[in-house]
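Everything on this sheet refers to the single structure shown next.
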Amino acid sequence: MDNFNAQNIAESIMKAIQKEQKDLTTLNVMVLGKTGVGKSTLINNMFNENLAETGIGKPVTQKIRKITKPDFPLEIYDTPGLELGGDFAINSLLEEICDEIDKGAKSRDISKAIHCIWYCISTTSHRFEQAEVSFLKKFIGRTSGYDIPIIIVLTQSYSKNDATSLLKEIQKENLPIVNIVPVLAENYTIDEEYTAKAYGLDKLSLIMESAIPESVKKTFISVQRANIELKKKRARSVVLASASAAAVTGAAPIPFADAAVLIPNQVAMLSGITAIFGIPIEKATLAAILSATIGTAGTTIFGKTIVSNLLKVIPGVGSIAGGLISSSTAATLTAALGEAYIVIMVKILNGEYSAEDLKTEKGRKEIQKVFTNMLKIKRTNVGESTE
């Protein structure tokens with residue numbers, strides 16, 4: 001049990017994170033649209049990666065390239081230069097796209113199938129061109145049997161009024177699609193006095209998450225960066241499950257000295273949360289976080305140290321009768337640790353913390369503050385007797 005220090009726990013979490021990431025099913029998104037509609041900007045801002053830079057993608061057909069990144073469970077099938085100049089061009093492109101979709105479906109491999117399609121139309125065009133109407137109807141007719149969700153994304157929606165007008169025009173076609181979403185993927189400076197603020201990606205994330213197969217939802221939440229609330233919601237479900245498991249472990253009260261039996265559950269929880277946020281994190285950073293929450297200088301026993309902290313900061317919890325940790329205390333400790341870790345992950349994702357910051361004394365104090373606050377918040381869930 002003495003081997004359970006912050007360094008060893010960090011090592012365990014790193015291994016668990018690697019397994020979580022390895023087990024993620026690759027998410028495949030096909031992106032269609034004419035030249036200049038802002039597909040690259042949309043892709044890069046949804047996934048917060050420079051995926052759509054020139055040269056990253058490799059051709060899979062004459063018109064389609066597959067954009068990938070090592071150790072990133074996402075593949076974008078991009079159709080650059082989608083031009084709809086005549087029936088021959090439309091039919092040629094349609095054949096290539098449908099063949100690629102069919103190939104993925106026939107592979108019987110969920111990681112090779114197309115899971116969602118974005119059809120991008122620039123709001124600046126101000127109209128839904130007949131060539132696009134014709135193409136979409138043919139495309140939907142050809143691919144309806146694959147049951148792939150299609151979302152029309154109104155890109156470059158600098159004017160919300162213009163986007164609403166175009167949306168209504170498209171709705172008149174009664175296309176069997178999931179939704180139409182106006183998006184301004186990044187801030188757009190019009191002049192020195194006015195900048196149009198980015199919007200719509202969070203809504204697109206919600207719509208997409210609800211439409212894609214269950215098998216890739218976890219992957220999407222991990223790789224997307226546009227909707228932090230989606231990540232927090234999924235992470236809190238992990239915390240709830242872990243707290244419930246800790247309560248079961250503590251159903252037969254745990255001797256104070258054996259508090260480390262909670263560690264495997266909490267390791268799984270922290271690795272699961274890290275995978276959800278999709279943040280590259282080093283062992284040293286994890287050790288710094290753990291040292292600030294579960295012990296001093298990374299040398300104390302995980303569960304025992306947290307219990308000691310709990311007794312110090314929450315007067316209402318009382319003493320632990322006979323040196324035992326009950327079900328409710330075990331659940332409270334686990335929930336507080338998980339919620340504190342979510343707060344830290346959000347701050348990293350928002351750029352409020354960096355990995356290097358967390359290794360400093362100031363960073364550790366900030367982490368301790370977050371953890372202590374979470375312990376206090378969770379005190380209402382503690383059912384310990386103070387007798």
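The values are calculated or read from the model by the stated rules, or taken from the named source; none is laboratory data. Since this is a predicted model, take the numbers as computed values, not measurements. Every residue, glycine as well, gets a Cβ built from its backbone with ideal geometry; the counts of neighbours run over all protein chains shown. Surface accessibility is based on the protein's heavy atoms, side chains included, excluding ligands, DNA and RNA. Shrake-Rupley method; radii C 1.70, N 1.55, O 1.52, S 1.80 Å.
Observations on the structure shown:
- Within the stretch 105-121, tally of residues that are surrounded by fewer than 19 Cβ atoms within 10 Å (Cβ to Cβ) and either of a type in the set (Ser, Thr, Tyr) or in contact with a helix residue (DSSP H, G or I) (Cβ under 9 Å, 6 or more places away or on another chain) (or both): 5
- Single condition Gly322 does not satisfy, out of (1) open to solvent by 60 Å² or more (accessible area, probe 1.4 Å); (2) at pLDDT 75 or above: (2)
- Checked against the criterion of being among the aliphatic types (A, V, I, L, M), touching a residue at least 24 places away in the same chain (Cβ under 8 Å) and farther than 27 Å from Lys138 by Cβ, the candidates Leu201, Leu175 yield just one match: Leu201.
- For Val133: the one exception among (1) in a helix (DSSP H, G or I); (2) at pLDDT 95 or above: (2)
- Yes/no for Ser157 being out of contact with any helix residue (DSSP H, G or I) (no Cβ under 8 Å at 6 or more places or on another chain) and of a type outside the set (Val, Ile, Thr): no
- Restricting attention to the stretch 51-65, the residues that are open to solvent by less than 40 Å² (accessible area, probe 1.4 Å) and either at pLDDT 70 or above or touching a helix residue (DSSP H, G or I) at 6+ places or on another chain (Cβ under 6 Å) (or both) add up to 4.
- Cβ-Cβ contacts under 6 Å between residues 6 or more apart (or on different chains), taken from a first residue in the stretch 364-387 that is at pLDDT 75 or above to a second residue that is in a helix (DSSP H, G or I) and of a type in the set (Asp, Glu), are listed as Met374/Glu339.
- Taking first residues from the stretch 1-14 that are within 18 Å of Gly272 (Cα to Cα) and among the acidic types (Asp, Glu) and partners that are at pLDDT 50 or above and buried (at least 19 other Cβ atoms within 10 Å of the Cβ), the Cβ contacts under 9 Å between residues at least 6 apart in sequence or on separate chains come to Glu11/Leu286; Glu11/Ala287.
- Within the stretch 148-166, considering residues that are closer than 18 Å to Asp202 by Cα and assigned to a helix (DSSP H, G or I), the one most open to solvent (accessible area, probe 1.4 Å): Lys160
- Filter pass, Lys138 being without any contact (Cβ under 8 Å) to a residue 60 or more places away in the chain, charged (D, E, K, R), surrounded by fewer than 20 Cβ atoms within 10 Å (Cβ to Cβ) and out of contact with any Leu (no Cβ under 9 Å at 6 or more places or on another chain): no
- Entry remark, the stretch 198-224: residues being farther than 24 Å from Asp147 by Cβ and either open to solvent by less than 40 Å² (accessible area, probe 1.4 Å) or assigned to a helix (DSSP H, G or I) (or both) number 3 in total.
- Residues that are at pLDDT 80 or above and not in a helix (DSSP H, G or I) were ranked within the stretch 273-297; the one that is surrounded by the most Cβ atoms within 10 Å (Cβ to Cβ) is Gly278.
- Number of the condition not met by Leu24 [criteria: (1) modelled with pLDDT of 85 or more; (2) closer than 27 Å to Phe128 by Cα; (3) outside any helix (DSSP H, G or I)]: (2)
- Residues of the stretch 225-244 that are crowded, with 19+ Cβ neighbours inside 10 Å, farther than 18 Å from Gly351 by Cβ and of a type in the set (D, E, K, R): Arg234 alone.
- When we screen Ile170, Ile190 for residues that are outside any helix (DSSP H, G or I) and closer than 30 Å to Glu129 by Cα, the only hit is Ile190.
- In the stretch 180-193, the residues that are open to solvent by 90 Å² or more (accessible area, probe 1.4 Å) form no Cβ pair under 9 Å with any partner that is among the acidic types (Asp, Glu), whether six or more places apart or across chains.
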